[in-house]
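K.L.:
Here's a structure for you.
The values are calculated or read from the model by the stated rules, or taken from the named source; none is laboratory data. Everything numeric in this text was worked out from a predicted model, so none of it was measured. Note: ideal-geometry Cβ built from the backbone for every residue, glycine included; neighbour counts use all protein chains shown.
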Amino acid sequence: MKFFHNPNHLHSLVSSIIDTSKKKAQFNYFTRCFTTRVDFESPHTNPPMDSSKLQENTEASYSSSSSSKLVLYSYWQSSCSWRVRFALNLKGLSYDYKPVNLEKGEQFSPEFERLNPLHCVPVLVDGDVVVSDSFAILLYLEEKYPQRPLLPADPRLKALNLQGASIISSSIQPLHMLSKLKYMEEKIGSEESLSWAQLHIGKGFLALEKLLKDFASKFATGNEVYMTDVFLAPQIAIAAARFNINMSTFPSLSRVNETYKGLPEFQASSPERQPDAVHGK
Amino acid sequence: MADQQLRLYSYFRSSCSYRVRIALNLKGLKYEYKAVNLLKGEQFSPEFRKLNPIGYVPVLVDGDIVVSDSFAILLYLEEKYPQHPLLPKDLQRKAVNFQAANIVSSSIQPLQNLAVLKYIEEKVSPDEKMEWAKVHIGKGFAALEDLLKNYAGRFATGDDVSFADIFLAPQIHAAFTRFNLDMTQFPLLSRLHEAYNEIPAFVDARPDKQPDAPS
């Protein structure tokens, strides 16, 4: 396992097996996990993981019967799962990806039900601890793995980040979930389900624009990626791709979105890059 | 422990404001109550907008710090005023508290707030509005019963009042008083409702006890 500490050897190994179009993002993601040196053009400073922790990570990830490795139950298109994938990448935490196909109803399998009787993804398993709900998982990760903090120390900025995250997780995402859209379609009509989604996303984005306009620069609340970004980046991506939201009416959100698009940890967490992605969807 | 510099902008019936009132009471924190009448649109007044441009309650003012959103306010209070801790130290149990809080604040409350219900009433029908509210509260309550059955003691996640209880109490109260939900299908939540009615911190935070409640 020693050769994984040699960035050059890792580079040639990884380069030879990864498709060139994905090379940059994947390479950066893998090297971030397995070396102490971060050598991609990250817009933020990333303190190197200490080598003892790094050793643990590399051994755990290549051991077939590792119980010390994180396991994430996720669905490629789930925006809540996306948040957690993004955060795990930011913290440099490697994990086993366990797909749960929501379209096929795998969340109702006896095996998954034992893990989460509420039948939702994402679910994080960390040794004996099982955590469901993306917000609960993120706060758990923040406490257990304090590297690369997602909540600033300053109480005002911390509260601002929690508020931003809360607006997305309570006032936006739940209202455009598939089940709600289906209801609108059945009771009112298919155009209605799109206008319902657009209404709530628009309201929420307007609220965020007002909330963040005096704070946003490179990222939502300043120059570092924090909790609001973890929620916002997937939300904007979905709003634009699935609901035709015109982002030009939200200048601060549009600006930070451009930064997200270029962020390797975010790119690596996107739905199309996941093992269970179905292309052409 | 009195703290005269705390001000809470609240609406008596807002369950998000109710959560913060409970937490302030539990921590023994005195505060000035500033009523914001949502039905009259007072959340859009220039004065309130300066404090919170989004126009939501609750808003907590603590000296020169202004915090909005009940989740953010509660975590702020927990850090600044550690007396009567609202979160257990154990990470698993703490996570269950956050999960329960989010079932309420993401899967239930946003789907039965005033704006959403009005929309459904207008686009579909008044009966449909109540049906919609009951379905979503019911689903959320079933999820909570399932989640908490292995953790509940006297209260939601053990024998001490915690974060989950602060979110549950207002939601259960609304289910009883505004939506006439049949609570017999939710034995744990019904029992918790009775337990909350015995605690002054919870009782004093109830909508009907607030200065802006209609007499």
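K.L.:
Out of the residues in the range A:184-195 that are part of a helix (DSSP H, G or I) and at the interface with chain B (Cβ under 8 Å from one of its Cβ atoms), which is nearest to A:G105 (Cα to Cα)?
P.N.:
For the range A:184-195, the residue satisfying everything is A:K187.
K.L.:
Scan A:L212, A:L162 and give me the residue that is more than 10 Å from every other protein chain (Cβ to nearest Cβ) and either more than 26 Å from B:L91 (Cβ to Cβ) or in contact with a strand residue (DSSP E or B) (Cβ under 9 Å, 6 or more places away or on another chain) (or both).
P.N.:
Of the residues listed, the single one that is more than 10 Å from every other protein chain (Cβ to nearest Cβ) and either more than 26 Å from B:L91 (Cβ to Cβ) or in contact with a strand residue (DSSP E or B) (Cβ under 9 Å, 6 or more places away or on another chain) (or both) is A:L212.
K.L.:
Still on this structure, please answer the following. Could you say which residue among A:D133, A:D229, A:D154 is buried (at least 18 other Cβ atoms within 10 Å of the Cβ), within 13 Å of chain B (Cβ to nearest Cβ) and charged (D, E, K, R)?
P.N.:
Testing whether each residue is buried (at least 18 other Cβ atoms within 10 Å of the Cβ), within 13 Å of chain B (Cβ to nearest Cβ) and charged (D, E, K, R) leaves just A:D133.
K.L.:
Can you say whether B:Y119 is assigned to a helix (DSSP H, G or I), under 18 Å from the mean Cα position of the chain (by Cα) and free of Cβ contacts under 8 Å to residues at least 60 places away in the same chain, as far as the supplied structure shows?
P.N.:
no
K.L.:
If you take the residues in the range A:270-279 that are within 13 Å of A:I238 (Cβ to Cβ) and in a helix (DSSP H, G or I), which one is farthest from the chain's Cα centre (by Cα)?
P.N.:
Restricting to residues being within 13 Å of A:I238 (Cβ to Cβ) and in a helix (DSSP H, G or I), the top hit is A:E272.
K.L.:
Further, regarding this structure: Scan the range B:113-121 and give yes if some residue there is of a type in the set (S, T, Y) and away from chain A (no Cβ under 11 Å), otherwise no.
P.N.:
The answer is no, given that none of the residues of the range B:113-121 is of a type in the set (S, T, Y) and away from chain A (no Cβ under 11 Å).
K.L.:
Show me the helices (runs of 4 or more DSSP H) found entirely inside the range A:65-182 where at least 2 residues are small (G, A, S).
P.N.:
It comes to A:79-90, A:134-144, A:155-166.
K.L.:
List pairs: first in the range B:91-103 and facing chain A (nearest Cβ under 7 Å), second surrounded by fewer than 23 Cβ atoms within 10 Å (Cβ to Cβ) and among the β-branched types (V, I, T), Cβ under 7 Å, 6+ apart or cross-chain?
P.N.:
B:L91/A:V129; B:Q92/A:V129
K.L.:
Turning to a different aspect of this structure: Restrict the check to the range B:49-67 and report whether at least one residue is more than 22 Å from A:I167 (Cα to Cα), of a type in the set (S, T, N, Q) and buried (at least 19 other Cβ atoms within 10 Å of the Cβ).
P.N.:
Within the range B:49-67, none of the residues are more than 22 Å from A:I167 (Cα to Cα), of a type in the set (S, T, N, Q) and buried (at least 19 other Cβ atoms within 10 Å of the Cβ).
K.L.:
Related question: Got a sec? Which of A:Q173, A:Q147 is touching a helix residue (DSSP H, G or I) at 6+ places or on another chain (Cβ under 9 Å), more than 13 Å from chain B (Cβ to nearest Cβ) and over 17 Å from B:A100 (Cα atoms)?
P.N.:
Checking each option against the conditions leaves just A:Q147.
K.L.:
Hey, can you tell me all the residues within the range A:108-132 that are touching a Cys at 6+ places or on another chain (Cβ under 7 Å) and either among the hydroxyl-bearing types (S, T, Y) or modelled with pLDDT under 95 (or both)?
P.N.:
Matches in the range A:108-132: A:S132 only.
K.L.:
Output the residues belonging to the range A:204-228 that are in contact with a helix residue (DSSP H, G or I) (Cβ under 7 Å, 6 or more places away or on another chain) and either in a helix (DSSP H, G or I) or among the polar types (S, T, N, Q) (or both).
P.N.:
Those that are in contact with a helix residue (DSSP H, G or I) (Cβ under 7 Å, 6 or more places away or on another chain) and either in a helix (DSSP H, G or I) or among the polar types (S, T, N, Q) (or both): A:G204, A:F205, A:A207, A:L208, A:E209, A:L211, A:L212, A:T221, A:M227, A:T228.
K.L.:
I'm trying to understand the selection: among the residues of the range B:39-79, which are more than 19 Å from B:R13 (Cβ to Cβ), more than 8 Å from every other protein chain (Cβ to nearest Cβ), assigned to a helix (DSSP H, G or I) and over 18 Å from the mean Cα position of the chain (by Cα)?
P.N.:
The answer is B:P46, B:E47, B:R49, B:K50, B:L51.
K.L.:
So, in the range B:146-159, exactly how many residues are under 18 Å from the mean Cα position of the chain (by Cα) and among the charged types (D, E, K, R)?
P.N.:
0
K.L.:
Would a scan of the range B:145-157 turn up a residue that is more than 30 Å from A:K182 (Cβ to Cβ), of a type outside the set (D, E), in contact with a strand residue (DSSP E or B) (Cβ under 9 Å, 6 or more places away or on another chain) and at the interface with chain A (Cβ under 10 Å from one of its Cβ atoms)?
P.N.:
No - not one qualifying residue is present in the range B:145-157.
K.L.:
While we're looking at this one, here's another question. Considering the range B:45-74 alone, what residues qualify as being in contact (Cβ under 8 Å) with a residue 12 or more places away in the chain, touching a helix residue (DSSP H, G or I) at 6+ places or on another chain (Cβ under 8 Å) and farther than 14 Å from A:K210 by Cβ?
P.N.:
Scanning the range B:45-74 gives B:V57, B:P58, B:L60, B:V61, B:D62, B:S70, B:F71, B:I73, B:L74.
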